[in-house]
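First the structure, in the form of structure tokens, and then the observations on it.
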């Protein structure tokens, strides 16, 4: 029997979380019949109130299909009160029959309100009792504990610090916790948005409102903890750390480390050399940054398409400055691969547009450099175009025709005409004049 609960702080449909998802699926496959496709369902409730809910569902399904070669079915439970009896029962059946259940961003309070009075809480708990995997991230992760942060109500609407009752699926394994994803969030810049936008002042107040014995389990962005309930172990994955906080005192477990769940149950007083205890959270944002391992903070900051684009843009500039055609070509191709990898992350739409603009600019600049004497045009363009056309075939096979057009148009702007023929793709340099 395989029983796995994975909690992610964010990045659930980003390249950073492909490896943890794959690990869970492989564990489920190993415990099932040989060659069996793991029945998997995406619980689409947390963002069910959004106008683009269907689009977000489609992007999530594409992520699992393209990045993990896994088929995941949509539960179809966006608005319980508007669904017919047949639609609701069909959704519950999909969750009941699945061995992998996934849910992600949206509103935790909306999700809890929709799930109240339905079989969903019991179905999730049953997966963790009798076999299966539950992976919750971001808003969905907030619902897992005995208490839930009403993020929008506090951060956006000005409600007083408070907790809502959560699903409480963790108390059964000895973790009476409030789960807080986005634990190291720094979007606020000069104001404190750590702890899922609560900040230190509000979290300190809210800790006093927790039931006796309860504490906080914090997961950084692009970070997850895989709880193996049979082995009674917790493995931290991704870019950041897992934090156990009780009465203002914190203990951190870094990514890559596996500990007994007893370490989390005991909390900060169980800290050893591998776990970072702290006598209270830092008072300022600069201190907070200093409290994190330097490489972790830097990695978290770069965990985005914007970070990849900035890095590859610099590599491209340096390659051109060094008259390194191969290096410049590699940067172009790596950026194209990054765009494909991040394109299914629901939080990256604006960054995708900017990265595509950079990609087109890089191709044009590479063409200008070649025509300006960097090297013979066909010598420069030949290997680049061949690999670009191979990438075009791959994105077309994935039905990403928008990216296929981007590659074709970028090559055209750089002086290369691509033609689709019955025999395949061909290319020619566009004659001047």
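The values are calculated or read from the model by the stated rules, or taken from the named source; none is laboratory data. Model, not experiment: these values are computed from the prediction. Heads up, the Cβs are rebuilt from the backbone with ideal geometry, glycines too, and the neighbour counts pull from every protein chain shown.
See the values below:
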{"read-out": "Among (1) touching a residue at least 12 places away in the same chain (Cβ under 8 Å); (2) outside any strand (DSSP E or B), the one test that residue 201 misses", "value": "(1)"}
{"read-out": "Failed item, numbered, when residue 178 is tested on (1) touching a residue at least 40 places away in the same chain (Cβ under 8 Å); (2) surrounded by 23 or more Cβ atoms within 10 Å (Cβ to Cβ); (3) outside any helix (DSSP H, G or I)", "value": "(1)"}
{"read-out": "Exclusive hit being on the phi > 0 side of the Ramachandran plot and not assigned by TED's automatic domain parsing to the domain that holds residue 394, set 48, 76, 104", "value": "76"}
{"read-out": "Matching residues, the stretch 398-421, being at pLDDT 85 or above and not in a helix (DSSP H, G or I)", "value": "416, 417, 418, 419, 420, 421"}
{"read-out": "Residue that is part of a helix (DSSP H, G or I), modelled with pLDDT under 75 and either closer than 14 Å to residue 425 by Cα or outside the structural domain of residue 66 (by TED's automatic domain parsing) (or both), where the choices are 380, 395, 385", "value": "380"}
{"read-out": "One residue from 290, 270 being closer than 30 Å to residue 198 by Cα, in contact with a helix residue (DSSP H, G or I) (Cβ under 6 Å, 6 or more places away or on another chain) and modelled with pLDDT under 80", "value": "270"}
{"read-out": "Positions within the stretch 157-179 being within 23 Å of residue 49 (Cα to Cα) and under 23 Å from the mean Cα position of the chain (by Cα), in sequence order", "value": "166, 167, 179"}
{"read-out": "Tally of residues being surrounded by fewer than 20 Cβ atoms within 10 Å (Cβ to Cβ) and either outside the structural domain of residue 46 (by TED's automatic domain parsing) or at positive phi (or both) across the stretch 107-143", "value": "2"}
{"read-out": "Criterion violated by residue 86 - all others in (1) loosely packed, with under 15 Cβ neighbours inside 10 Å; (2) touching a strand residue (DSSP E or B) at 6+ places or on another chain (Cβ under 9 Å); (3) more than 22 Å from residue 219 (Cα to Cα) satisfied", "value": "(2)"}
